[in-house]
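Since the structure comes first, as structure tokens, the remarks are kept for the end.
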Amino acid sequence: MNMQKQRTVLVTGAAGGMCRGINARLGAAGHMVLCADLSLEAAETAAGTVREAGGRAEAFAVDVTDHDSVAALADSVHDRVGEIDVLINAAGILDRKYLKDHDASSFERTIDINLVGPFRLIQRFAPDMVERAWGRIINISSIAGVTGYPYPSYAASKGGLSNLTRSLVIDMWGTGVTVNSICPGVVDTPMVIQEVRDQVPRKVPTEQIIDPDEIGGVALFLISDDAKNINGADILVDGGATRFFQLFDRQ
Ligand SMILES: NC(=O)c1ccc[n+]([C@@H]2O[C@H](COP(=O)([O-])OP(=O)(O)OC[C@H]3O[C@@H](n4cnc5c(N)ncnc54)[C@H](O)[C@@H]3O)[C@@H](O)[C@H]2O)c1
């Protein structure tokens with residue numbers, strides 16, 4: 001892989017299951033990873049994973065739903081590290097509610113974390129990337145961003161995030177900044193309940209649950225120079241699950 005420079009990468013939701021793989025892969029490649037999550041303690045643990053893998057890391061607390069918290073994050077990143085090259089928006093929640101179970105505020109909460117959160121981070125950090133004529137924005141969307149999904153708040157948030165990604169390539173036209181979504185299927189993290197894990201052999205053509213490390217590998221590729229013309233993409237990492245017409249189960 002054509003990886004010329006070590007980058008400074010800000011990751012939100014860095015203490016989560018998916019980011020275990022992202023942190024380890026970025027660390028092993030020698031990147032500086034700024035691990036941001038709700039709790040500073042959890043972010044510190046994530047930063048430890050990066051260091052163990054051979055990279056440099058700093059930990060930050062942030063609540064992506066809070067404009068002031070995102071502003072404070074930007075200030076402390078600037079003071080402690082300087083500019084970032086890459087933003088990975090991974091903070092997210094999955095609220096397993098059907099339409100009838102939602103009230104307006106529970107629906108809005110998912111949208112606020114999964115969609116408005118990335119928007120806040122991008123709005124705050126993209127201008128510096130534009131000024132320096134290089135940047136990579138990676139939004140962790142989902143297969144729920146490209147197909148229908150049982151839980152409407154999650155589907156709406158990830159569909160919005162994937163479409164935000166597509167739309168931002170226009171904003172970033174000619175700036176050297178690319179914007180892409182990674183759309184994972186069933187990844188081995190605490191977010192995935194046993195019932196879904198059990199269905200993997202029948203619902204996923206590769207018959208495999210995805211290792212967070214594989215998502216890290218895709219993120220690593222996206223920030224390499226080989227990926228400089230991948231822009232506005234939904235990169236499915238789902239074992240082919242969304243390509244399988246599930247009207248009936250495979251016998
Ligand atoms: N696990 C999967 O199978 C899967 C599949 C597709 C997409 N995703 C997406 O991947 C991302 C990571 O998921 P995961 O499986 O690691 O889940 P996770 O619950 O393990 O991690 C999510 C992280 O986001 C953080 N977070 C939540 N709200 C926040 C807020 N307001 N501000 C800052 N941080 C906040 C949490 O503290 C947590 O560390 C999510 O966006 C999720 O929707 C996961």
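The values are calculated or read from the model by the stated rules, or taken from the named source; none is laboratory data. Fair warning: this is a prediction, and the values are worked out from it, not measured in the lab. Heads up, the Cβs are rebuilt from the backbone with ideal geometry, glycines too, and the neighbour counts pull from every protein chain shown. Side chains are part of the model used for accessible areas, which takes the heavy atoms of the whole protein and leaves out ligands, DNA and RNA. Shrake-Rupley method; radii C 1.70, N 1.55, O 1.52, S 1.80 Å.
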Can you name the residue in the stretch 46-62 that is under 19 Å from the mean Cα position of the chain (by Cα) and open to solvent by 50 Å² or more (accessible area, probe 1.4 Å) and is also nearest to the ligand (Cβ to nearest atom) among such residues? A61
What number of residues in the stretch 186-199 are outside any loop (DSSP other than H, G, I, E, B), open to solvent by less than 70 Å² (accessible area, probe 1.4 Å) and closer than 23 Å to A90 by Cα? 3
Quick check on my filter: what residues within the stretch 29-43 are open to solvent by 30 Å² or more (accessible area, probe 1.4 Å) and in a helix (DSSP H, G or I)? L40, E41, A42
Let me confirm something: among L94, L161, L87, L168, which residue is within 10 Å of the ligand (Cβ to nearest atom) and touching a strand residue (DSSP E or B) at 6+ places or on another chain (Cβ under 6 Å)? L161
Suppose we filter S153, S162, S181 for residues that are more than 17 Å from the chain's Cα centre (by Cα) and closer than 25 Å to T110 by Cα; which single one remains? S153
Members of the stretch 13-33 that are more than 17 Å from L222 (Cα to Cα), in contact with a strand residue (DSSP E or B) (Cβ under 8 Å, 6 or more places away or on another chain) and either away from the ligand (no atom under 13 Å from the Cβ) or in contact (Cβ under 8 Å) with a residue 60 or more places away in the chain (or both): G13, A14, G16, G17
Matching residues in the stretch 5-28 - criterion: being of a type in the set (G, A, S), open to solvent by 10 Å² or more (accessible area, probe 1.4 Å) and either assigned to a helix (DSSP H, G or I) or farther than 27 Å from I193 by Cα (or both): G17, A24, A28
